[in-house]
Each structure stands twice: as C-alpha cells, then as structure tokens.
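The values are calculated or read from the model by the stated rules, or taken from the named source; none is laboratory data. Fair warning: this is a prediction, and the values are worked out from it, not measured in the lab. Don't worry about glycine lacking a Cβ; one is built from the backbone with ideal geometry, like all the others, and counts go over all protein chains shown.
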Amino acid sequence: MSFLYKLSKLCRFIFIFVLAAFCSVIPKNKKVWVFGAWFGNSFSDNPKYLYLYVKENKKNIKTVWIYKNKKNDLLSNDINRYDILAYHYMSLKGIYYQIVASVVFVSHSVSSDLNPLFISFRTKRFQLWHGTPLKKIGYDDDFQSFKLKKNIFYKLLTNEFYDYVISTSEKVSTIFSTAFDMKTSKIIKLGYPRNDVFLKKYKDDASGIVKVIYMPTYRKKINKWEDILCAKLGFDFNDINGFLSDNNIYLSLRLHPANTAGTDFQKLVNSYSNISLSNESDIYEVINQYDCLITDYSSIMFDFVLSGKPVIFYPYDKEQYLKTERGMYFNYDDIISGGFVVDSWRDIMNVLNDIKERKKIATDNSFLSGFNDEILQNNTSCYSELLCEFVMEKIKFSDV
C-alpha cells in the first residue's frame, strides 16, 4: 500500500469526521426517521419492513428512504408502488433529512446504505443487518483483506459505529457482540422486521398444488446459473419437469444475483411448464407462499424455519465450499441435523413426493429453530412493532 494511498485515505476519513461533527451541532427532529439498505440499490430487507410499518402506523413520523442508484428500474418501481418518500443520498433533500434525522436504520453499514458525511454522531444508529450469519462477519472474519480497527477513534473517523444491533435470539446476540465489537447490552433481541411475513397464514391451495423454491447461496467461482443447474449435478430439465407435472408441483429457481442467467437460459426455463425463475425484487414478499424451501448454506434457512414448513438441504459441494469460504460460526452438520439432507436431485424428488403425500410435513430441526427465540407476546402484533416501540422509547418520542 503506497504512501499516497494511505494519505488520501486518511484525508477522506478526516473529511468524514469533520462533516459528521459539524452535522452533530444541528438540532435533530425526533419525527424524522431515515432508512437505507443494500448499498442504496433496493427497497428491501429489514429496513423496508420497518419503514412500511412505521409509515402505516405512526402517521406523525416522517419516514425517509435514501437510495444511491438512480438507474435501477426495480427500485424505481418499488418507490412508486409503495408510495414511499425517497431521495438520492446526494440530493439536497436527501442530505437535509440525513442531517436532521433523529434515528437511522441500515441493513449493511452507514457508508454503504447512506451518506456517512451527513449522519451525525448524535443520530441514533440501528443496525438491522440482513440475516442470521452462518459465515463469519465483521471483526470475526479472519479472511478479510484488511483488519478492522476496534478503537473508538477509528470508528469515529470512518463514522462506522452503531448504538444498537437487532438480533433474533441469544445465540445471534452472542455472535453480533463480537462481530460488531459491541457490548451485549447493545445487542437487542427484538426479531427481524422482515420476518413479519411469516406471521401471515395462507390457506392451503384447494387444487393441491405444492410450491417449492430453490435458493442456493452465492458461489465465488461460479458465474452462471447453468453451472449450478446442469446435467452434471443431476438437474435434467426434462426429467424434473416431468416429475413436477405428474405430481402437481411447481419449482421456482432463485439463484444469487451474482450468478447471472443469460437470455438463452431464461428462454430454456420458460419452455417448461412447472419450472420458473423467481425474479421478484424482494423474495420476502412471497416467501411464505411457498410450501417448501430447498437450499444449502443460505441464511434464509434461519428465517424460513419460522413458517414451520419443510426445508431440504442440498449441499452438493459441501467439502469444497466449506474449505474455500470464510470461517463458519457453527458446524454445518449440526445445522442440518434433523432436516431433510439430500445428495442429488433424484433424492430431492423423492422427498418432495413424500411432502406431497403429507408423509413429511415440517423440518424437525431444534438446532435451526434455536436461532429464533420466542419474542412476541400476546399483546404484540409483529417484530416491527416491537422494534418501533423500542426506538421511540430510546429517542424519548411522544406518540401524540
């Protein structure tokens, strides 16, 4: 690392610190709450569901969404569809609301989801994160290209620190305490707002249709969907579609955005009656409508278990994946113990057939369920309500 690079980086940090310190002098408005998620590229995840709850139930709070990508059609559609108050992170109004906000919420970090130049040190920061981590994150990740600095001066310079981090259980709180280098008293077990979707009950399809979704996690060395859904791994479109059609089962494929699907592959999938690509901008809008989840190492397993529906684990490259990916918090075999673990698509079809015949209804996985403690009480409607009330208490907001 050259001297000039280090100098430019230091100058940038000092600039952030000075501006954030200046913004701290400006009075905060308890009625302005600012939200951001996924590097400013989407209206999604925990900040989205908390935003929608506050917008609907706390009319005297101005909810502001901050985004960065002006050319994202899906984001633009969501802004219009949900009628949200959204501003670009460098626009005058966007800057104004970030400065005067009494509280901000992010899914990744202040710098990635918002503009760190205008988030003051006085503003309450809530890290909602984007799922229960299976792989090590933050200060726990030994494979990072650089070591994060734990001292408070570095955190102030980069404006990357939080007042509270939200978790789903005592297990997750313990992880977040070390991952974010925060006291356990600042890790609050309130549940994820996005998991409110699992509180809604859907009637069984009268036609007997079974909806299944396949959601493998991101793989660094795989760039195309074809490398995951190929004959080499036992995914034969004709055989699988025939089985699905005979059993009135529909399979949605939702791979990681980084594992892109070419036009030819999309046409191939569209040519089959019972196989489709899931292209929703936010999978949580529809996830509870599925009767079964097929996954490998994706953190969505920790959320889907709340539905009480079956989870099929298909870790076809377990040894290679665990060897090349960053460290794990838990033994993977412990996580999938008690679940439906398969080695091939033929095995998957056998399990789906049993599920269809009601021979296997739910995943018996106490280890996985342990990541979601019993949080909601009889007088609490959802996780978003719990978090909202907690925030209002901390900023001494009078809901009148």
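For the reader, a short list of remarks on this structure follows.
- Of the residues Tyr82, Tyr87, Tyr53, Tyr49, the single one that is touching a Lys or Arg at 6+ places or on another chain (Cβ under 7 Å), under 19 Å from Ser384 (Cβ atoms) and among the aromatic types (Phe, Trp, Tyr) is Tyr49.
- Any hit, the range 262-282, residues being surrounded by 15 or more Cβ atoms within 10 Å (Cβ to Cβ), in contact (Cβ under 8 Å) with a residue 12 or more places away in the chain and touching a Lys or Arg at 6+ places or on another chain (Cβ under 6 Å): yes
- Taking the criterion of being surrounded by 18 or more Cβ atoms within 10 Å (Cβ to Cβ) and of a type in the set (Ser, Thr, Tyr), the residues of the range 287-320 that qualify are Tyr290, Thr295, Tyr297, Ser298, Ser307, Tyr314.
- Filter result (of a type in the set (S, T, N, Q) and surrounded by fewer than 17 Cβ atoms within 10 Å (Cβ to Cβ)) within the range 54-82: Asn57, Asn60, Asn69, Ser76, Asn77, Asn80
- Tally of residues being modelled with pLDDT of 90 or more, assigned to a loop (DSSP other than H, G, I, E, B) and under 18 Å from the mean Cα position of the chain (by Cα) across the range 114-135: 7
- Hits in the range 307-323 - residues which are of a type in the set (A, V, I, L, M, F, W, C) and at pLDDT 90 or above: Val311, Ile312, Phe313
- When the range 108-122 is filtered for residues that are in contact with a Ser or Thr (Cβ under 8 Å, 6 or more places away or on another chain) and surrounded by fewer than 24 Cβ atoms within 10 Å (Cβ to Cβ), the ones remaining, listed by number, are Ser111, Pro116, Ser120, Phe121, Arg122.
- Yes/no for Tyr250 being part of a helix (DSSP H, G or I), under 26 Å from Lys201 (Cα atoms), among the hydroxyl-bearing types (Ser, Thr, Tyr) and within 30 Å of the chain's Cα centre (by Cα): no
- The single residue among Ser177, Ser207 that is outside any strand (DSSP E or B), surrounded by fewer than 21 Cβ atoms within 10 Å (Cβ to Cβ) and modelled with pLDDT of 95 or more turns out to be Ser177.
- Tyr250 falls short of the stated requirement of being under 13 Å from Ile348 (Cβ atoms) and either at pLDDT 80 or above or surrounded by 19 or more Cβ atoms within 10 Å (Cβ to Cβ) (or both).
- The range 164-183 residues that are in the same structural domain as Gly138 (by TED's automatic domain parsing) and more than 16 Å from Arg125 (Cβ to Cβ), paired with ones that are part of a loop (DSSP other than H, G, I, E, B) and acidic (Asp, Glu) (beta carbon under 9 Å, 6 or more apart): Thr168/Asp373; Ser169/Asp373; Glu170/Asp373; Lys171/Asp373; Val172/Asp373
To keep it simple, each residue is scored yes or no on (1) of a type outside the set (A, V, I, L, M, F, W, C); (2) in contact with a strand residue (DSSP E or B) (Cβ under 7 Å, 6 or more places away or on another chain); (3) within 29 Å of Ser245 (Cβ to Cβ).
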site	(1), (2), (3)
Asn270	yes, no, yes
Ser273	yes, no, yes
Leu277	no, yes, yes
Tyr284	yes, no, yes
Ile287	no, no, yes
Gln320	yes, no, no
Thr324	yes, no, no
Gly339	yes, yes, yes
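- The residue list Leu85, Leu50 contains one member that is buried (at least 16 other Cβ atoms within 10 Å of the Cβ) and touching a Phe, Trp or Tyr at 6+ places or on another chain (Cβ under 9 Å), which is Leu50.
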